[in-house]
Amino acid sequence: MKKTILFLVCSLFIINANAQSVDEQTKIKEFGLIWGFLKYHHPIHSAGKTDIDAEFLHHFQQLKNIQERSALNTFFFDWIRSYGEVSDKIKTPSEDYNFTKNLNLDWMQNEAFSTELRQLLSTVRSNTKNYKGHYAQLEKLTRFVSFNKEKKLKNFSPENKAHRMLTLFRFWNVINYYDVNKYLAKENWNTVLENAITPFINAYDAKTYDKAKTELISKLNDAHAFYIGEAYGLPKFKYKTPFQTKYINDTLVVTKLWNKELCQKNGIELGGMITKIEDKTVKEYIKENFKTIYNYANENTLMYRAERVALYQENREEVNISYTKPNGTESASKTIQLFDRMNVDAEKESLKKSPYYGQKFYEITPTTAYINLGFLEKKDLNKILKKASNYKAVIFDLRMYPKYVDLPKLTKWLYPNRSKFIKVLFPTKVPGLGEYDAEAPLNFVSDPFSGGRKNKNYYKGKVFLLVNASTVSQAEYISMAIQNSPNCTTIGEETMGAVMNITSIPMPEGQEVNFTSVGAFYPDGTGVQNKGLQLDYKITQRASQPERDMMVEKVLELLE
């Protein structure tokens, strides 16, 4: 009797489990996960033998007719089997590669899936020899990943739910399987998906769709993933100030007057300081209003990105601020007017800059040379390094993006021997796995991650490197090479932390979104992506004295 009752209870449990209803978000999430998995793992799709977007749109339409879990599992199983049998020759996917932090396939063991479905997914996953990489190609010479097989969707409409979901899952799956820096994002990538589905479902026009997409992209926390959408982002900058500001220590300092007459009407002076916006500190206001618009890995990057537009408005022609005059003696709350269009003065009034600003080479003291790498051109480096060899100390300024720096020549001048200055993490042919310092054919020609050569006449003086929030990408890469010299001291602010190459993801509507597709580490394994460069001295400017270069002053102090 007891066995009979137990059998009936178990039977009822199985029947109820199979009859369990599934909500729309769950159906869409599981569908998108399986579609992305098949795209990069299944031998048919990864070889490009199907139009993967057409497959998405076709099968997505069938979801609306499925209400129960058992029917959903059957749908998923039959869908995968419709592409034919997969070889059962098993090979453990992670055995050849040394970076597994981004591997994210636990969802395949979802207890709501049928046993048959879980087994089928596992079989597809295990056949790494079948991964052809049509939709994610590793470039032969560099090992960088390319998504140039992704196509614009014909007749894309943000009002079409299937089109919106294709955008979500194309982007999410690219990052999930091929962004080696994904593990550094502030929010778990699965959680990002969970939170993104409802906004994409509810987007009903171009603006709400653009808002959902902008917020999704912002979750990368990658300074290279710069995206300002036309429907959602750009309108936020409609009404502008007649002056330019710079963020210094939770203050916006007025650094340039675009229209002196309008600035006078607003009571704004060069060097004036804005300490609050709408009764919030500047930092609080920027974080509240710009954190989903600008991609940033650290707070310093967000402040830098928003410093010129922090006061701009979308629907208002005024903004409330707390303002302090340049001499710091008078502070007041006021409302300033904003303008959707204005005349710009032919001669704009700007804060006085240091005597070496804009100079390629400048003698700071009789024994200290200053070199601004942001202004150097191809023809300059040899003669400037020759001149700098006569000084006991050299300052390299990388607080702006470099035009042209011949890194082999620079490191030859700085290094006594050939030396590795950066450790890199590449994506691999197996989705979700990475490989440190992978060999690429290009390495037979030149190793771009080492510099210098045996040189007894290398520069033996003191080397100082200046960096700040505008130091990004190639500027950070060059900085790491300089930091590897025998006697380098780095002074400045937190950098953006986006060192290596940009990869573009073509989106269904025709736009592109960038991200940093290779990881960057110091040779000892210390990460730089998202964290920024290592600093020996953290120095910031003074809002009350913006014309002073506190970083150069620190160099001179250290040389005393």
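The values are calculated or read from the model by the stated rules, or taken from the named source; none is laboratory data. These numbers were taken from a predicted model, which means no experiment stands behind them. Cβ sites come from the backbone with ideal geometry, for glycine too, and all protein chains shown count toward neighbours. Just the protein is used for accessible areas: all its heavy atoms, side chains included, with ligands, DNA and RNA removed. Shrake-Rupley method; radii C 1.70, N 1.55, O 1.52, S 1.80 Å.
Note on the chain: with neighbouring protein chains present and a 1.4 Å probe, carbon and sulfur make up 48 percent of its accessible heavy-atom surface. Each peptide in 465-473, 327-335, 173-181 receives the mean, over its residues, of other Cβ atoms within 10 Å, and ordering these scores from highest gives 173-181, 465-473, 327-335.
Between Y537 and K152, the FRET efficiency estimated from the beta carbon spacing at R0 = 60 angstrom works out to 0.80. Averaging over all projection directions, the Cα-based convex hull of the range 234-350 occupies 7.0 nm² in the image plane.
Binning the alpha carbon pair distances of the chain at 10 angstrom intervals from zero yields the distribution 3, 15, 22, 22, 18, 12, 6, 2, 1, 0, 0, expressed in whole percent. The simple Förster model, with R0 at 56 Å and r as the Cβ-Cβ distance, assigns K403 and Q20 a FRET efficiency of 0.35. Of the peptides 543-555, 378-390, the order by per-residue mean of other Cβ atoms within 10 Å, starting with the highest, comes out as 543-555, 378-390. Taking 7 Å steps out from each Cα toward its Cβ at N455 and T281 produces label points 4.5 nm apart. Label positions at Q545 and K101, each projected 7 Å from the Cα along the C-beta direction, are separated by 4.1 nm. Among 41-53, 307-319, sorting by the average number of other beta carbon atoms lying within 10 angstrom of each residue, highest first, gives 41-53, 307-319. Take the Cα of K420, step 7 Å along the line toward its Cβ, and report every residue of the range 492-533 whose backbone nitrogen sits under 15 Å from that point. Only 519-527 fall inside the zone, counting backbone N under 15 Å. Kirkwood analysis of the Cα pair distances in the range 361-558 returns a hydrodynamic radius of 18.0 Å. With the helix formula -39500 (n - 2.57) applied to DSSP H stretches of n ≥ 4, the chain reaches a computed 222 nm mean residue ellipticity of -10000 deg cm²/dmol.
Of D23, D250, D524, which has the most accessible area with a 1.4 Å probe, and how do the rest follow in descending order?
Order by accessible area, largest first: D524, D23, D250.
Using 1/(1 + (r/R0)^6) with R0 = 22 angstrom and r between the beta carbons of A162 and T292, what's the FRET efficiency to the nearest 0.05? The computed FRET efficiency comes out at 0.35.
Each Lys and Arg Cβ is given +1 and each Asp and Glu Cβ -1; about its Cα centre, the range 234-350 then shows a dipole of about 220 debye. Note on H58 and L556: their simple-model spin labels are 7.2 nm apart, each label 7 Å out from Cα toward Cβ.
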